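Asker: The structure under discussion is supplied below as structure tokens; questions concerning it will follow.
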Amino acid sequence: MIRKTEFGQRLAWLILKPTFDFFLHFEVRGKENVENVPTNVIFALNHISEMDALMPSCAFGIFSRYLPIYCVALRHDAYKKLGTFRSFFYREGLFTFIGAYPMAPGVKDYEVILSPHIEFLKKGNSVEIFPEGGIRRPGKIREPRGGVIALAKITGLPIVPVALAGHAFTSPKEFFLRKRRSVITFGKPIFPEELFAGYENAGPEQYAEIAKEKIMPKIEELLEK
């Protein structure tokens with residue numbers, strides 16, 4: 001499973017990295033913030049486009065120690081509402097090939113919901129997650145969910161806030177005429193002792209609150225730079 005994704009994500013990198021560079025003037029900032037952290041970290045991103053999931057891997061070199069980066073995704077059924085064209089391509093086989101693994105459905109136990117992603121982290125790989133769950137509308141921040149905090153709590157690993165900007169709701173015309181500039185910014189890692197300061201005895205029901213207080217403001221700070 002890991003080897004298949006390593007190949008799939010690097011293959012995607014070969015196609016998407018030059019595409020992002022040329023059409024979106026792709027710019028990477030703040031990589032120095034992750035130079036001294038372990039390879040198994042939790043990247044927490046704002047979600048502004050369907051292109052977002054592979055942008056963190058394209059921010060690093062094709063042979064970077066961080067690749068592959070596994071993404072927390074919805075199940076294929078959730079994408080049916082996007083229409084026939086998208087739902088045809090948004091299939092689990094393709095998703096897992098490039099590193100997007102779905103959450104387990106119908107349960108409220110984070111250790112079950114995020115079991116594949118917890119295993120990836122324990123094996124030394126990084127995971128990316130969108131705390132807001134879905135794509136945000138311009139000027140509106142969605143209420144975060146608790147999954148990102150659960151991953152940190154269960155594994156004891158740091159969270160790296162990541163801000164994506166510049167390519168929200170890019171039209172095909174804007175894309176091919178190179179009218180947009182996409183920027184990805186990595187922030188400083190937030191370690192569990194900082195994350196749970198003041199929440200030492202927090203239960204899963206408080207994880208969304210912690211994400212709202214300690215993760216989302218860091219992402220917003222990066223967007224303002």
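Asker: What do you reckon, is Gly133 surrounded by fewer than 15 Cβ atoms within 10 Å (Cβ to Cβ) and out of contact with any helix residue (DSSP H, G or I) (no Cβ under 8 Å at 6 or more places or on another chain)?
Answerer: no
Asker: Within region 168-186, track down each residue that is closer than 16 Å to His47 by Cβ, modelled with pLDDT of 95 or more and in a loop (DSSP other than H, G, I, E, B).
Answerer: Answer for region 168-186, where residues must be closer than 16 Å to His47 by Cβ, modelled with pLDDT of 95 or more and in a loop (DSSP other than H, G, I, E, B): just Ser182.
Asker: Follow-up. Taking region 4-62 on its own, how many of its residues are in a helix (DSSP H, G or I) and of a type in the set (Phe, Trp, Tyr)?
Answerer: 5
Asker: Of the conditions (1) within 23 Å of Asn46 (Cβ to Cβ); (2) of a type in the set (Gly, Ala, Ser); (3) touching a residue at least 12 places away in the same chain (Cβ under 8 Å); (4) surrounded by fewer than 19 Cβ atoms within 10 Å (Cβ to Cβ), Ala150 fails just one. Which one is it?
Answerer: (4)
Asker: Right, next: Taking Pro144 and the conditions (1) assigned to a loop (DSSP other than H, G, I, E, B); (2) touching a Leu at 6+ places or on another chain (Cβ under 8 Å); (3) buried (at least 18 other Cβ atoms within 10 Å of the Cβ), which numbered condition does it fall short on, given that it satisfies the others?
Answerer: So Pro144 meets the others, but not (2).
Asker: Restricting to region 115-125, name every residue that is in contact with a helix residue (DSSP H, G or I) (Cβ under 8 Å, 6 or more places away or on another chain) and in contact (Cβ under 8 Å) with a residue 60 or more places away in the chain.
Answerer: Once the filter is applied, which keeps residues that are in contact with a helix residue (DSSP H, G or I) (Cβ under 8 Å, 6 or more places away or on another chain) and in contact (Cβ under 8 Å) with a residue 60 or more places away in the chain, region 115-125 yields Phe120, Leu121, Lys122, Lys123, Asn125.
Asker: Taking Arg65 as the residue in question, decide whether it is closer than 25 Å to Ile159 by Cα and not in a helix (DSSP H, G or I).
Answerer: Spelling it out, Arg65 is indeed closer than 25 Å to Ile159 by Cα and not in a helix (DSSP H, G or I).
Asker: Please find, within region 92-114, the residue that is surrounded by the most Cβ atoms within 10 Å (Cβ to Cβ) out of those that are without any contact (Cβ under 8 Å) to a residue 24 or more places away in the chain and small (Gly, Ala, Ser).
Answerer: Looking at the filtered set, the residue picked out is Ala104.
Asker: Sticking with this one: Which members of region 165-195 meet the condition of being touching a Phe, Trp or Tyr at 6+ places or on another chain (Cβ under 6 Å) and among the basic types (Lys, Arg)?
Answerer: Of everything in region 165-195, just one residue is touching a Phe, Trp or Tyr at 6+ places or on another chain (Cβ under 6 Å) and among the basic types (Lys, Arg), namely Arg178.
Asker: Moving on. Failed condition for Ala163, given (1) out of contact with any strand residue (DSSP E or B) (no Cβ under 8 Å at 6 or more places or on another chain); (2) under 22 Å from Asn36 (Cβ atoms), with all others met?
Answerer: Only one criterion is unmet by Ala163, namely (1).
Asker: Mind telling me which of the residues Leu74, Leu11 ends up being exposed (fewer than 14 other Cβ atoms within 10 Å of the Cβ), among the aliphatic types (A, V, I, L, M) and over 22 Å from Pro158 (Cβ atoms)?
Answerer: Only one candidate passes the filter, namely Leu11.
Asker: Please go through (1) more than 20 Å from Tyr70 (Cα to Cα); (2) among the aliphatic types (A, V, I, L, M); (3) surrounded by 22 or more Cβ atoms within 10 Å (Cβ to Cβ) for Ala197 and return the number of the only condition it doesn't satisfy.
Answerer: Result: Ala197 passes all but (3).
Asker: Please find, within region 170-194, the residue that is surrounded by the fewest Cβ atoms within 10 Å (Cβ to Cβ) out of those that are without any contact (Cβ under 8 Å) to a residue 24 or more places away in the chain and of a type in the set (Lys, Arg).
Answerer: Lys173
The values are calculated or read from the model by the stated rules, or taken from the named source; none is laboratory data. From a predicted model like this one, the values you see are computed outputs, not experimental measurements. Every residue, glycine among them, receives a Cβ derived from its backbone with ideal geometry; neighbour counts consider all protein chains shown.
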